[in-house]
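Below is one structure, written out as structure tokens; comments come after it.
The values are calculated or read from the model by the stated rules, or taken from the named source; none is laboratory data. Only a predicted model underlies this, so the values are computations on that prediction, with no experimental measurement involved. Counting neighbours? That spans all protein chains shown, and the Cβs are built from the backbone with ideal geometry, glycine included.
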Amino acid sequence: MKRIAIIGAGMMGSAMSIPARDKGHEVRLVGTPLDDAIIAHARETRMHLTMQRPLPVGVVFYQFGEVRSALAGVDVVICGVSSFGVDWFLQQALPLIPPEVPVLSVTKGLVAHTDGTLETYPSYYQRLSGRGGFYAIGGPCTSYELAERRHSAVAFCGSDMATLHRLRSLLSTNYYHISLSTDVVGVEVAVALKNAYALAVTLAVGMVQRQDGPDAAPAYNPQAALFGQSVREMTALLKLLGGGPENIAYGAGDLYVTIFGGRTRRLGTLLGRGLTINQALQQLEGVTLESIVITQRMVQALRTRGQLAQFPLLHHVGKLLDGEQADIPWAALITPPQDKPGARPCI
């Protein structure tokens, strides 16, 4: 049995307590200062307030003011904050974690710099903290299905394969399946991109509703066309940003699961119906939307590099976030003829 502390009691961080407890570990769930109500509710009911799922017996709940006790003797820390909490974690939580303890992050996204470069969160933490030992989780896994022990396949990525094997041994179960990769850029870029492209694919849902009414039957051809274009652009972006193209599997899988539900689907659908971004956000008041931040960072980075036009679907989503209305540039998505020398005729 090992001691695992999870800092951040959001949905995914909290869901990670389930495979950890199923492996028999001592789990300490620590809320951020924004999670006081979640921790208080869990102490009383063992239910997660927003995920509305029970958390396992044996998880011990801590408010952030009790974090030093929660970190005593831990073997692993799971960073459970969203991209909005990255700097808080860096400044408030990380200095309290012993440098020999590996940190495994569930956060999806990238840090954008003014010169157009994009940085993964493990690199960002290491560069600013001066310590190593940062790892990340990528791949298609929703918190509520992990909490229900649905089969999920993810990747743990980081610089040291021996530590990755150790992390997998701590958390893999008969339903939580873990691949390992030292290609941090590839895994992290692939799963960050899915946020932007989930917005793009779900535009088609709203556009059909705009044409045929809110109760229109789903139309899968346009969604499939945008899904295919998304994977094409994501693959090219992986190559451009230095990640191995084999990681597209993690991004495409994450894209698939995202377009079928959640906040990003709701936003994309509203934009597809013809609402501007401001009108859509008014309807989604109070909903946290990481997809907007990640998309804006990607668009700005590629614009700075002078390469945004190479990605017409992402470019269009960027325009929507600048206030334009959805009008998918279908002609720009047609691929050029594939004329390979020496190709055999059809037989």
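Listed values, structure above:
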read-out: Output for segment 93-105, where each listed residue is surrounded by fewer than 19 Cβ atoms within 10 Å (Cβ to Cβ) and either acidic (Asp, Glu) or part of a strand (DSSP E or B) (or both); value: Glu100
read-out: In segment 62-81, the residues that are surrounded by fewer than 21 Cβ atoms within 10 Å (Cβ to Cβ), outside any helix (DSSP H, G or I) and in contact with a helix residue (DSSP H, G or I) (Cβ under 9 Å, 6 or more places away or on another chain); value: Gln63, Asp75
read-out: Sole residue being modelled with pLDDT of 95 or more, of a type outside the set (Ser, Thr, Tyr) and over 22 Å from Thr107 (Cβ atoms), chosen from Leu226, Leu180; value: Leu226
read-out: Positions within segment 109-126 being assigned to a loop (DSSP other than H, G, I, E, B) and crowded, with 22+ Cβ neighbours inside 10 Å, in sequence order; value: Gly109, Leu110, Thr120
read-out: Cβ pairs under 7 Å, 6+ apart, first in segment 167-189 and of a type in the set (Lys, Arg), second modelled with pLDDT of 95 or more and outside any helix (DSSP H, G or I); value: Arg168/Phe156; Arg168/Ile178; Arg168/Leu180
read-out: Count of residues meeting criterion [within 17 Å of the chain's Cα centre (by Cα) and buried (at least 23 other Cβ atoms within 10 Å of the Cβ)] in segment 225-237; value: 3
read-out: Segment 209-224: number of residues that are within 27 Å of the chain's Cα centre (by Cα) and either surrounded by fewer than 16 Cβ atoms within 10 Å (Cβ to Cβ) or hydrophobic (A, V, I, L, M, F, W, C) (or both); value: 5
read-out: Every residue from segment 26-40 that is in a helix (DSSP H, G or I) and surrounded by 17 or more Cβ atoms within 10 Å (Cβ to Cβ); value: Asp35, Ile38, Ile39
read-out: Matching residues, segment 68-94, being touching a residue at least 60 places away in the same chain (Cβ under 8 Å) and more than 30 Å from Ile292 (Cβ to Cβ); value: Ala70, Leu71, Gly73, Val74, Asp75, Val76
read-out: Extreme residue, surrounded by the fewest Cβ atoms within 10 Å (Cβ to Cβ), among residues of segment 250-284 that are basic (Lys, Arg) and part of a helix (DSSP H, G or I); value: Arg263
read-out: Every residue from segment 41-55 that is assigned to a loop (DSSP other than H, G, I, E, B) and out of contact with any helix residue (DSSP H, G or I) (no Cβ under 9 Å at 6 or more places or on another chain); value: Arg46
read-out: Test for Asp327: is it of a type in the set (D, E, K, R), modelled with pLDDT under 95 and either touching a Gly at 6+ places or on another chain (Cβ under 8 Å) or farther than 21 Å from Ile277 by Cβ (or both); value: no
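Each row is one residue, and each column tells you yes or no for (1) outside any loop (DSSP other than H, G, I, E, B); (2) among the polar types (S, T, N, Q); (3) surrounded by fewer than 19 Cβ atoms within 10 Å (Cβ to Cβ); (4) within 24 Å of the chain's Cα centre (by Cα).
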{"site": "Val57", "(1), (2), (3), (4)": "no, no, yes, no"}
{"site": "Val60", "(1), (2), (3), (4)": "yes, no, yes, no"}
{"site": "Phe84", "(1), (2), (3), (4)": "yes, no, yes, yes"}
{"site": "Thr107", "(1), (2), (3), (4)": "no, yes, no, yes"}
{"site": "Leu128", "(1), (2), (3), (4)": "yes, no, yes, yes"}
{"site": "Tyr144", "(1), (2), (3), (4)": "yes, no, yes, yes"}
{"site": "Arg150", "(1), (2), (3), (4)": "no, no, yes, yes"}
